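*Asks:* The structure is given below, and queries will be raised subsequently.
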Amino acid sequence: MAVPVFSPKSIKTPENSTGKQVAEAGEIILVQDDNLGPAEAAARWRSLSQERCVRALCQASAAADRLVLIRSLVTLADGRLSLSEAHIALTAEEEGLLGRFGLARDGDSVRLQELDFDYRQIPELRAALRPDSAQRQHFRPGSPDAALIRLTSHAHYKSAAQKSAMRALLTMPRGGSLLVSMPTGSGKSLLFQVAALEARRKIPGACVVVVTPTIALALDHQRTLAGIPGLEGSVALTGDVTGMAREDALFAFRRGEVPVLLLSPEQAFSTAVASALFEAAIAPSDKAGQLAASLAAFVIDEAHIVEQWGRNFRPDFQRLSSVLAALRDRKPDIRALLLSATLPAASRRELRRSYRNDHGKWLEIDAHVPRYEFDVVVKSFEDEANRQRALNLVIDRAPRPAVIYTTLVEEASELYDRLRSERGYRRIALFTGGISDPRIRKSIVREWAENKLDLVVATSAFGMGVDKSDVRAVVHACLPESPARWYQEIGRGGRDGHQALAACLFTDPPYRDSRPSDVATAYGLAISGWIGRDLAELRWAALLRKKTSDTWQGDRRWLTLDLDAVREGLPNRSSDYNRSWNRALLTLLQRAGVLEVVSTGSIADDPGEDWIVDVTDPRLFDGASTDVWDHIFSVRNAEQAEAQAELDKFVGLMRNPENSCVMRAAFEMIEGAGASSEPCGRCPSCRSRLLGAPAVLSCGGLETAWTTPTLASAQQTSLPRGVTLVAPEDPYFEGGLAILAARLASVGVEQMIVAERHTARVARLLATTDAEFGFVLSYAEWSEGVTGLARIATAVLLPAEDGSARQLLARVEELSRAWPELPILVIAEPDREMDGRRLDQTVSPRAPLAEEMLEEIAMEDLL
């Protein structure tokens, strides 16, 4: 038998590539280089993808693992790979398995051999597997701000939405709450990173708490933060951090040494963690010794989960708002940041209900753009046998790394066992909620990040927000119970902005019978398991009978309820099943607004058996009252009807994927009004209609800003309110631009509107000044309207072209009417004529200032 030989020397980065590549924990990470043209960037990505396959192939020993990687190399080499040049020797076993992976031997080469017979069940898969090296995430980048340059290594924003979110974060009023919805992979994590960096720039012990829904996500964030200067000490406090390690981590947090503390919602309610959080909400000057932690922001990542999982599955999600409220009681300045890639209507309503502030302290930023990286395949099957054959084909041909999702834990376990025992895969792992050992979970996340795994079989417990940039395929061997779950999970792929496969293969028998189906499972999860009214009233009566305390906190009545209470009609013996129904009831009562859950008495990641609730509607104590239960079940029935209506639409879409663009339709189901988008160009419907993908994606967001004035140190300025004309020393804004930017910053100008060609330079210049924000907008970025501007002192550098200048002056006039207290400087020659009149006669009622006079104003401010 030939010994497999492979040398990575055969695959090299092109010599003409000026791009950079970074190997972090084994993963090839593409560092964006704006100097590359499209063809050069595509060649670089292809080379890096080949290198990833090379590294994995060097570690692989099983024939199935090696051949699927060889197939990827053949595909990336345009369909034919010389074995001798690649230093590959095939074993006899591998020679015999080539056909299974769509390969054939041709002398010294291996080539693709795609037979029509192979794709008879899923003909559209062949087109979806064709390689495409071009960048697919064509967001129009946002020009940089000084704050971005100063605090991060980024040269520009990924999109206008990210720029808007960053500006909103930095200018957020004290005690404000910001809700941000942006596509997966568009840089939401930058926001809490910057929140911590900016806070610590002002207060050395400042910290940010980030609540994440999964351990995998917390560990992934910790890995990323460890590589960011200033955030290296961040800690993920997961269930496997116990004993002295847990105590040491919390004490380091109290000392102000942990810039970002990552928690599960259950952890946030544990006694030790809650004590540390409340301590961090006390001013450092009021604390003894070295306890310097100062909580600046409370962040919920994947915030849509608050409503979706908090309903029955993990009710502590819906109690996070009470944690924030209690922290703000001690420190009202704490800011809240809610991040999500998708926000269905129900999730948005719940977040507004729980976190919305009055008096202009609530803001929502929506990118309103779906993902366009995916080649989408959707296929239903009448029985499991046919689905299994199709799934085998997809798994054997899909590029790696790949994730396969199922809905149920037992289905994931069965599939994992089959792929190992029958299909021969070894670089594979199983990740579900049924894996209780935290060491195993942590090991899988680490090996996945380090490219020691090519395939993960998982339930939704894996991957939410895990930022592995080079996942090339996401396969659903199920039908998700909502468009939001499907969209979130395919979002694990293509995070580098390049091609990824999204395949959904589900069972859907033509007739209702005893056979299980994925469609029935989806409906079961979405609309079954909702507690009925009669049983709810009996359970509430049992909880009241078994309450362990009943006290008054001021004018509020608090009960301690034992979740082991058993309703009438059941054996007097509790169980996890019984407690889960009691938890579901209490979270329903909370959503209906008749009580608030104050504490679950939980420790670590396991909820306790006693819950403390604040009863806000006294009718709950009246066993004869029907009004309160009418109200409660009107809420419950509306939620159930909405879930069923959403799933009905999604099932209709997935059963008939040829009728409309799958990606666009699913995204619009999730986001609702205002989320209209272009066809994706790569789903069954788009391919059949020969529709192409959009060339450039424009995000929303820049039209949104706080309505309240921004409180910043730079606002202390002697600049007059309203519009002032300033005569520049260099009217062309070339050689004198650096001096002008420094002078503007010295008088408190924190926002400049400049020509596109000047944006990056001005941001870099402002980053070296005392400007707190140094926001920069191009003329085009301001063209959508004035409301996107931060409410801070602003300078507009008027362009030489009269048409553009006229439009900008109209915007300036509109802005000055909307915010008459705002200082606005128009930088232009006073004697310049427009429409037959000089600017010093039309722009401002006061006399123009010479540029050098800004220095005198700055001196007055200092004095």
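*Asks:* Using 7 Å Cα-to-Cβ label points, what is the Asp835/Glu801 separation (nm, one decimal)?
*Replies:* In this crude label model, Asp835 to Glu801 measures out at 2.0 nm.
*Asks:* Another one. Among 382-390, 559-567, 263-271, what's the highest-first ranking by average C-beta atoms within 10 angstrom per residue?
*Replies:* In decreasing order of mean packing, 382-390, 559-567, 263-271 become 263-271, 559-567, 382-390.
*Asks:* Pairs Lys188/Lys379; Lys202/Lys442; Lys158/Lys331; Lys163/Lys202; Lys202/Lys361: which are spaced more than 27 Å apart, C-alpha to C-alpha?
*Replies:* Result: Lys188/Lys379; Lys202/Lys442; Lys158/Lys331 exceed 27 Å.
*Asks:* Kirkwood Rh, segment 146-366, all Cα pairs: how many Å?
*Replies:* 17.3 Å is the Kirkwood radius here.
*Asks:* Next up: List the DSSP H helices in the chain whose Cα atoms stretch 27 Å or more along the helix axis and whose mean Kyte-Doolittle hydropathy is at least -1.0.
*Replies:* The answer, listed by residue number, is 38-59, 627-655.
*Asks:* Sequence gap at least 6, Cα distance under 8 Å: using those rules, report the relative contact order of segment 533-625 to the nearest whole percent.
*Replies:* Relative contact order here is 26 percent.
*Asks:* May I pose another question? State the Cα centre-to-centre distance between segment 606-675 and segment 571-588 in whole Å.
*Replies:* 20
*Asks:* Now, a different point. Is the C-alpha gyration tensor of segment 533-625 telling us rounded, prolate or oblate? Criteria: a/c under 1.5 is rounded; beyond that, a/b larger than b/c is prolate, otherwise oblate.
*Replies:* Note, shape of segment 533-625 comes out oblate.
*Asks:* Among 496-506, 249-259, how do they line up from the highest to the lowest mean number of other beta-carbon atoms within 10 Å?
*Replies:* 496-506, 249-259
*Asks:* Let me ask you something else. Could you work out [θ]222 nm for the chain from helices alone, using -39500 (n - 2.57) per DSSP H run of at least four and dividing by all its residues? Round to the nearest 500 deg cm²/dmol.
*Replies:* Calculated mean residue ellipticity at 222 nm is -11500 deg cm²/dmol.
*Asks:* Select one label from (1) 84, 82, 54; (2) 132, 80, 64; (3) 118, 103, 56: the one whose number is Cα extents along the principal axes in Å as derived from the coordinates shown.
*Replies:* It is the value labelled (1).
*Asks:* Same structure again: Select from segment 425-515 those GluC sites (Glu not before Pro) which occupy a DSSP coil region and have at most 16 other Cβ atoms within 10 Å, ordered by residue number.
*Replies:* Filter output for segment 425-515: Glu450.
We did not get these values from a lab; they are worked out from the coordinates using the rules stated. Fair warning: this is a prediction, and the values are worked out from it, not measured in the lab. So basically every Cβ, Gly included, is an ideal-geometry build from the backbone, and we count neighbours across all protein chains shown.
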